[in-house]
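K.L.:
The structure follows.
The values are calculated or read from the model by the stated rules, or taken from the named source; none is laboratory data. Only a predicted model underlies this, so the values are computations on that prediction, with no experimental measurement involved. Note that each Cβ is placed from the backbone with ideal geometry, even for glycine, and that neighbours are counted across all protein chains shown. Protein only, heavy atoms only, side chains kept; ligands, DNA and RNA dropped before computing areas. Shrake-Rupley method; radii C 1.70, N 1.55, O 1.52, S 1.80 Å.
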Amino acid sequence: MKKNEKIDAMQMDELIVKINEFAQLAKTRELNDEEKELREILRNKYISIFRQGVKQQLENIKIVDEQGNEITKKKDGKNEK
């Protein structure tokens, strides 16, 4: 399995552990170019997963008026009923 395939298969908690390992290492010495590149890839993957989660949560929010009618707008701008 290639490095990028391994990163793509990582879960959020695994990414956090690896990113924190690089943070601790960077406090003791300067990271080499390969480590900096891998850290950046891991950070970008983490941000991508985080954004997907937030987007999913926002898409599942339903807005209800005072009478209890759902007034959530669809992506096309029309009210959902």
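K.L.:
Filter region 30-46 down to the residues that are open to solvent by less than 100 Å² (accessible area, probe 1.4 Å) and over 17 Å from the mean Cα position of the chain (by Cα) and list them by number.
P.N.:
Within region 30-46, L31, N32, E35, K36 meet the criteria.
K.L.:
Are there any pairs with C-beta distances below 7 angstrom linking a residue in region 61-81 that is assigned to a loop (DSSP other than H, G, I, E, B) to a residue that is modelled with pLDDT under 75 and exposed (fewer than 10 other Cβ atoms within 10 Å of the Cβ), with the two at least 6 apart or on different chains, and if so which?
P.N.:
Within 7 Å, the pairs are E80/K74.
K.L.:
Scan region 47-60 residue by residue and report those that are among the aliphatic types (A, V, I, L, M) and either open to solvent by 90 Å² or more (accessible area, probe 1.4 Å) or touching a residue at least 40 places away in the same chain (Cβ under 8 Å) (or both).
P.N.:
Correct list: L58 only.
K.L.:
Taking into account only those residues within region 17-37 that are among the hydrophobic types (A, V, I, L, M, F, W, C) and out of contact with any Leu (no Cβ under 9 Å at 6 or more places or on another chain), which is nearest to K74 (Cα to Cα)?
P.N.:
V17
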